[in-house]
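Colleague: Shown below is the structure under consideration.
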Amino acid sequence: MTDETNKNGPDATAAENTAEAVASALEDAANQKNAEAPAAEPDPLELLKAENNELRDRFLRLAAEMDNLRRRTEREIKDAKSYAAAGFARDMLAVSDNLRRALDAVPTEMRATADASLTTLLEGVEMTERSMLSALERHGVKKIDAEGQKFDPNFHQAMFEIPNPAVPNNTVVQVVQAGFTIGERVLRPAMVGVAKGGPKSEASAETAGEKSA
């Protein structure tokens with residue numbers, strides 16, 4: 001058998017196949033190694049920036065929550081100071097009403113001809129009433145100025161209507177029982193009589209004009 005025959009024979013073919021197999025195996029191993037290689041580690045500086053931004057967001061949210069809590073607490077404390085005595089003040093107004101009824105029960109003619117004892121008694125009752133109202137005012141309880149004002153359902157309670165063309169319609173012309181506020185709230189609405197049949201107030205006329213337009 002010649003050398004040429006040996007080169008092109010079965011042995012040469014087997015060697016070539018073996019070389020191809022080895023090359024393929026090496027390529028597969030390289031691909032697998034690349035696939036299993038860990039990803040590049042992130043930049044530590046970028047990690048620190050991200051962590052810093054997250055901490056900053058948390059701090060801002062916490063600061064906002066604390067500010068809201070502080071404002072709410074201040075408002076609740078203020079309301080507690082302003083309105084804690086509302087029930088007591090309302091009871092004291094009932095006492096003041098009784099003092100006023102006692103004074104109104106004495107006719108003007110009897111006062112004019114009253115002796116010293118009755119005069120002293122009436123003056124004492126009046127002083128007690130004034131002193132009580134003054135003490136309530138120092139604690140935020142104020143009388144509602146109703147007479148002559150336009151009827152406001154937020155502060156007034158209409159008891160009856162009085163025909164009176166001399167004043168604008170819906171004007172308070174009589175106060176049956178005084179009303180009071182405490183702070184910004186109505187402690188007791190004023191019980192009033194309102195005018196009926198008079199000319200409309202400017203505000204009512206403007207409102208009617210807007211509706212017709």
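Colleague: Has region 195-204 got any residue that is part of a strand (DSSP E or B), of a type in the set (A, V, I, L, M, F, W, C), closer than 26 Å to residue 95 by Cα and at pLDDT 90 or above?
Modeller: Within region 195-204, the first condition is being part of a strand (DSSP E or B), and the residues that meet it are 195-196.
Still in the list and also of a type in the set (A, V, I, L, M, F, W, C): 195.
Keeping just the survivors that are closer than 26 Å to residue 95 by Cα gives none.
Among the residues of region 195-204, not one is part of a strand (DSSP E or B), of a type in the set (A, V, I, L, M, F, W, C), closer than 26 Å to residue 95 by Cα and at pLDDT 90 or above, which makes the answer no.
Colleague: Mind listing whichever residues of region 157-192 are under 24 Å from the mean Cα position of the chain (by Cα), surrounded by fewer than 19 Cβ atoms within 10 Å (Cβ to Cβ) and not in a strand (DSSP E or B)?
Modeller: Within region 157-192, 183, 184 qualify.
Colleague: Yes or no: residue 79 in contact with a Gly (Cβ under 9 Å, 6 or more places away or on another chain) and not aliphatic (A, V, I, L, M)? Step through it out loud before you land on a result.
Modeller: Working: in contact with a Gly (Cβ under 9 Å, 6 or more places away or on another chain): yes; not aliphatic (A, V, I, L, M): yes.
In short, yes.
Colleague: Here's another thing I want to ask about it. Could you grab the pairs with beta carbons closer than 9 Å, sequence gap of 6+ or different chains, first residue in region 120-147 and exposed (fewer than 13 other Cβ atoms within 10 Å of the Cβ), second one in a strand (DSSP E or B)?
Modeller: 135/141; 137/143
The values are calculated or read from the model by the stated rules, or taken from the named source; none is laboratory data. Please read these numbers as outputs of a predicted model, since none were measured by experiment. Positions of Cβ are backbone-derived with ideal geometry, glycine not excepted, and every protein chain shown enters the neighbour counts.
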